[in-house]
Structure formats: C-alpha cells, structure tokens
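First comes the structure, then the notes that go with it.
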Amino acid sequence: MSGDRAMPQFDIVASTRRHWSEEQKRAIVGEIAAAGGSVSEVARRHRVHTSLLFRWRRELRAKAQGDALQAQSTRPKFLPVTLAPPATSAPGRSVVIEIAIAGGRTVRVCSNVDIAALVRIIAALEERR
C-alpha cells in the first residue's frame, strides 16, 4: 500500500486592511469640513479611527501645498529696469545699486561699476546654485 499521504494544509488569512483611493480620502475629509461635521462622527460613519482622518487631512494639505509650489515657476523672471541719473547725488559720488538674485542672494555695487565685471560676478553666483 502506498499509505496515507497527508495533504499539506494551508492557512488562508484574509486581510482586514482596507485601501482607500485618493478621491475617497478627499471625499471623507471633505465631510469634516462640511458645516457641522466633526471628526468623530465622520470616523464612526466610515468605521475608521479619528487619527487616520487627521493623517489623511495632513497628507492632502501637504500634497496641495506641494502642487501649488510646483505650479509656480522657479525660473528667474526679468523685470524692466529704467536707469535715470540720480536726483540729488553730490558730484563725484556714486550711488549703491542693490540687485536681488534668485535664492535670496543680493549683490550691492556702486553705480560706476564695470558692467563686464558685474556680469561675470552674477554668472559665477548663478553657477553656485
């Protein structure tokens, strides 16, 4: 006889973890913002813990802020500049010009600066970004 061969046993464990789409999260968090909506009531209605709703709200806000920042252009913007002679400067006295560069850097030069040197300085600063 071949004998009794025991069939291997497998335990099947069902996952109790639920997965929510981003649209579902937005809709549920939106219920909190509705007039008279409370986190506890919304959590009970959807059978989730209140801390999960607070986390979703925080994550959705962070994502919205990140999207807003990304939407803003990070490229430098050029503004029109008009040069005019100083109105009340004394003869022989130079005026200080302040130039704001991307990244919060500022260059201050005298009005009689060599333009070629200024261009080299700004180019060097831009390379260090």
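The values are calculated or read from the model by the stated rules, or taken from the named source; none is laboratory data. Owing to the predicted nature of the structure, the values given are computational and were not obtained by experimental measurement. With ideal geometry, Cβ positions are generated from the backbone for all residues, glycine too; neighbour counts draw on all protein chains shown.
Annotations for the structure displayed:
- The set of residues in the stretch 97-129 that are more than 17 Å from Leu79 (Cβ to Cβ), hydrophobic (A, V, I, L, M, F, W, C) and part of a strand (DSSP E or B) comprises Val109, Cys110.
- Contact annotation: residue pairs with Cβ atoms under 9 Å, 6 or more positions apart or on different chains, pairing a residue in the stretch 14-43 that is assigned by TED's automatic domain parsing to the domain that holds Ala64 and in a helix (DSSP H, G or I) with a partner that is loosely packed, with under 10 Cβ neighbours inside 10 Å and modelled with pLDDT under 85, are Val42/Ala34.
- Within the stretch 50-75, tally of residues that are surrounded by fewer than 10 Cβ atoms within 10 Å (Cβ to Cβ) and either over 22 Å from Glu22 (Cβ atoms) or at pLDDT 90 or above (or both): 4
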